[in-house]
Amino acid sequence: MIQKKRIIELAQERINELDNGCYLVDVSVSTKNVIFVKMDNLNHGVSIKDCISVSRNIEHNLDRETQDFELKVSSPGLDQPFMVHEQYLKNIGKTVELITKSLSLKGELTKVSSEEVELKQTDIIKNKTTKKKETIETIHNIKMNEIKETRLVISF
């Protein structure tokens, strides 16, 4: 069976050579040697050129004569939950849905550190006395170890 560690080394080697903001999100190897590599880019979406480059580096360094394999290199997809710290950094200023053990929040991701994230929730309510609409902003600081899942909110 092909070792996940070896795939990570080969992918990271090419990502380091590219030096364009790309980073690994996830690597998996199935029991049937189907290799999935998910990567992204801090500056913009990951390009097909970057995926091809990483794919070629992995493929050229594995021996098909020894073990047959299938290789898929892609971006994680907009609908997928965040898996690595860099995805939080990339999405500062964007609306996310964040789920912890006790609550679910939707708001703008405003700050990210290795320990916690800051989420700004904006609610519009109607003032009972003046009958005017008011905007209320609430800032939530959530520890990274309390987060179960975070997803980008896609709006058109």
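Just so it is clear, none of the values below were taken in a lab; they were calculated from the coordinates. Since the structure is predicted, the reported quantities are computational estimates derived from the model, not experimental observations. Please note: Cβ atoms are built from the backbone with ideal geometry, for glycine as well, and neighbour counts cover all protein chains shown.
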Q: Could you work out how far helix 48-60 tilts from the main Cα principal axis of the chain, as a 0 to 90 degree angle to the nearest 10?
A: 40
Q. For the stretch 5-121, with the dipole built from +1 on Lys and Arg beta-carbon atoms and -1 on Asp and Glu ones, taken about the Cα centre, which of T110, Q121, N20 lies farthest toward the positive end?
A. Q121
Q | Charged-residue dipole, Cβ positions (Lys, Arg, Asp, Glu), the stretch 85-152 about Cα centre, Debye nearest 20 | A | 480
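What full-extension length gain, to one decimal in nm, is calculated for T95 and S74 as 0.36 nm per residue of separation minus the Cα-Cα distance? Walk me through the intermediate numbers first.
Numbers: separation 21, 0.36 × 21 = 7.56 nm, distance 2.32 nm.
Here the segment from T95 to S74 would lengthen by 5.2 nm.
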Q: Evaluate the charge dipole of the chain about its Cα centre and quote only its size in Debye, nearest 20, assuming +1 on the Cβ of each Lys and Arg and -1 on the Cβ of each Asp and Glu.
A: 880
**Q.** Loop trypsin sites (Lys or Arg not before Pro), the stretch 88-156 (other Cβ atoms within 10 Å of the site Cβ: 13 or fewer; DSSP)
**A.** K94, K101, K128, K131, K132
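Could you work out the local net charge near K32, counting Lys and Arg as +1, Asp and Glu as -1, over the other residues with Cβ closer than 15 Å to its Cβ? If you can, show how the numbers build up before the last one.
Numbers: positive: K4, R64, K72; negative: D68, E70.
Charge balance near K32 sits at +1.
What is the calculated FRET efficiency for E116 to E65, with r their C-beta to C-beta distance and R₀ = 30 Å, to the nearest 0.05? Spell out each step's value before the answer.
Numbers: r = 49 Å, r/R0 = 1.64.
The formula returns an efficiency of 0.05 here.
Whats the longest run of the chain with zero GluC sites (Glu not before Pro) that are DSSP loop and have at most 10 other Cβ atoms within 10 Å? Intermediate results must be reported in sequence, preceding the final value.
Numbers: sites that count: E65, E115.
Between the exposed loop sites, the longest stretch runs 1-64.
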Q: Compute the acute angle (0 to 90°) between the alpha-carbon long axis of helix 4-18 and the principal axis of greatest extent of the alpha-carbon atoms of the chain; round to the nearest 10°.
A: 80
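Give me the net charge of K72's neighbourhood, meaning all other residues with Cβ under 13 Å from the Cβ of K72; Lys, Arg count +1, Asp, Glu -1.
Values: positive: K32, K38; negative: D26, E59, E70.
So the surrounding residues net to -1.
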Q. Which one of S47, N57, S74 is farthest out on the positive end of the charge dipole of the stretch 4-74, using unit charges on Cβ (Lys, Arg +1; Asp, Glu -1) and the Cα centre as origin?
A. S74
Q: Can you check what the net charge comes to around T138, using other residues whose Cβ is under 9 Å from the Cβ of T138 (Lys, Arg +1; Asp, Glu -1)?
A: -1
